[in-house]
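**Student:** What follows is a single structure, and I will ask about it in a moment.
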Amino acid sequence: MPGKIFNYEGPFFKFLNTFANIVILSVITVVCCLPVFTFGPAVRALYVVCLKMVRNEEGYVTKDYFRSFRSNFGQNVVLGLLVLLVLALFGGGVYSFIMIGSAYHIIIKIGFGFAALIVISTVLWIFPMQSRFTNPIRQTVKLSFWLAVTKFPKTLLMLVIWLFIPACVLFISGNFFPLIVLAEFGTAAYFSAEVYDGLFRELEDRINENKEN
């Protein structure tokens, strides 16, 4: 029994290999995001490789990552900057609510909260969609919004996945930056891919059927 567990092809070493790849992907993604304008290509490449890992299609993780990073670079730069701009605007709104929230009417608070949820939910789908399907930016955003609304249980689960590690570490120590660098991006993207893999397979089958017809 111990021999099977510690066999190179066994579950223990597969787990270690997956964990190591997740850490590598997290660190690479953080480094590639540092110039800021490369945020889009970096996150898109992360999702590409994580979906390959979920489907057991990965080869060399770093090689696959940088190949995806370079692919369709210009469009992903633009998309990433648009996402960062929108998130910055809503981040400013959140800060405003924290500082002077009592001055706002309850209806405004509810409206802003609903808008923020829609925006964040849409963003959760944008880079997974961009990593698997080739569409103009406007079409990617529209499809991401549609998935965020119509597949809300999956959207909510993905949101929980992205918040889980920071919430746990903040609760325990109050300082989560080192752990995010080591694990957050890769872990969240990997388990998010587990959530939407089945749905993407259905969409891919439909696209292939339409091409055949």
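**Student:** What distance in nm separates the two pseudo spin-label positions at Ile24 and Val160, each 7 Å out from Cα along the beta-carbon direction?
**Tutor:** Once both label points are built, they end up 3.1 nm from each other.
**Student:** How high is the relative contact order of the stretch 102-166, in percent, counting Cα pairs under 8 Å that sit 6 or more residues apart?
**Tutor:** 34
**Student:** Checking the table Lys151/Lys211; Lys63/Lys151; Lys14/Lys151; Lys52/Lys154 against a 29 Å threshold on Cα-Cα, which pairs fail?
**Tutor:** Pairs exceeding the cut-off: Lys63/Lys151; Lys14/Lys151.
**Student:** Can you pull the one-decimal nm distance between simple spin-label points at Arg138 and Leu16, each 7 Å off the Cα toward Cβ?
**Tutor:** Those two pseudo-labels are separated by 5.3 nm.
**Student:** Hey, rough spin-label estimate for Val149 and Thr62, points 7 angstrom out along Cα→Cβ, what's it come to in nanometres?
**Tutor:** 4.4
**Student:** Set the Förster radius R0 to 22 Å, insert the Cβ-Cβ distance between Leu203 and Val77 as r into 1/(1 + (r/R0)^6), and round the FRET efficiency to 0.05.
**Tutor:** 0.30
**Student:** Related question: Could you run the Karplus curve 6.51 cos²θ - 1.76 cosθ + 1.60 with θ = phi - 60° over the stretch 37-43 and give me ³J(HN,Hα) per residue in whole Hz, x for Gly and Pro?
**Tutor:** Ordered by residue, 3J(HN,Hα) equals 5, 8, 4, x, x, 5, 6 Hz.
Any read-out appearing in this document is the output of simple, stated calculations on the displayed coordinates, not a laboratory observation. All figures in this text were calculated on a predicted structure; none of them were measured in a lab. Because the Cβ atoms are built from the backbone with ideal geometry, glycine has one as well, and the counts that use them run over all protein chains shown.
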